[in-house]
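Here the structure is laid out as structure tokens; the discussion comes afterwards.
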Amino acid sequence: MADIFNEIDEDVRRERYEQLWKRYGNYVIGAALLVVLATAGVVGWREYTDRQNKAQALRFLNAMEQAQKGDDAGARAGFASLAGDAGAGYATLARLQEAGLLAKAGDTAGAAKVYEQIAGDSRVDQVFREFATILLVQDQVATGEPARLGQMLAPLMNDKSPWRHSATELSALLAQRTGDKAKAKEFYAKLADDLTAPQGMRARATEMLAIIGG
């Protein structure tokens, strides 16, 4: 008798499963397909971006090689092209290299324009934006407007900025240029006493203090 009840119970469960499958089977299959397609999409996207990154890296290295061989015009063209269609990382590096080549060629105005574009681009990582500012001031420290350049450096002199030492040294040079000997000595002393500053910068600061009477 127990066997009969068990068979009836199994038939009832089977019938329920069949009814549930008829009602929800398509949804289950659809969900499974979505999982498969999503997984395939992620893998495909990773492969695509990996190919893109490798292609951009190769273009960047080719432009670097041209620059090393003295083909600055070809290198600038390569960097400009990469800056126009590459991802954010390589585009920023390419723009920095392009600006450096412009400065090397004596086109300080062209270099400054590129540096200013990078520094003012909110899509660029802050570290590179600040680096572009340092390079801009470095190129113009002897000819640019000291007050304007000093204002650009001021935000970079806080303790959290990775460029604070370079900003301090450039600020000292600007102070010297304007004849503000006291301010220059203040900056050089700060740099010379900063144990976190690069050794070369500390040595230069110490020498400058000796020269200007620190």
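Taking helices (runs of 4 or more DSSP H) as the structural unit, those lying wholly within the stretch 64-132 and holding at least 3 residues that are more than 20 Å from residue 145 (Cβ to Cβ) correspond to 72-85, 88-104. Looking at (1) assigned to a helix (DSSP H, G or I); (2) within 30 Å of the chain's Cα centre (by Cα); (3) surrounded by 13 or more Cβ atoms within 10 Å (Cβ to Cβ), which one does residue 197 not meet, given that it meets all the others? (1) is the only condition that residue 197 fails.
Under the condition of being part of a helix (DSSP H, G or I) and free of Cβ contacts under 8 Å to residues at least 24 places away in the same chain, the residues counted in the stretch 134-151 number 3.
Taken across the stretch 162-182, residues that are at pLDDT below 95, crowded, with 17+ Cβ neighbours inside 10 Å and more than 25 Å from residue 96 (Cβ to Cβ) do occur, with at least one present.
Yes/no matrix, rows are residues, columns are (1) modelled with pLDDT under 90; (2) crowded, with 19+ Cβ neighbours inside 10 Å; (3) among the hydrophobic types (A, V, I, L, M, F, W, C):
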{"site": "94", "(1), (2), (3)": "yes, yes, yes"}
{"site": "97", "(1), (2), (3)": "yes, yes, no"}
{"site": "105", "(1), (2), (3)": "yes, no, yes"}
{"site": "116", "(1), (2), (3)": "no, no, no"}
{"site": "122", "(1), (2), (3)": "yes, no, no"}
{"site": "127", "(1), (2), (3)": "yes, no, yes"}
{"site": "133", "(1), (2), (3)": "no, yes, no"}
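Within the stretch 158-192, the set of residues being free of Cβ contacts under 8 Å to residues at least 12 places away in the same chain, more than 23 Å from residue 125 (Cα to Cα) and part of a loop (DSSP other than H, G, I, E, B) comprises 179, 180.
The values are calculated or read from the model by the stated rules, or taken from the named source; none is laboratory data. On a predicted model such as this, the values are computed, not experimentally measured, just so you know. Glycine gets a Cβ as well: all are built from the backbone with ideal geometry, and neighbour counts include every protein chain shown.
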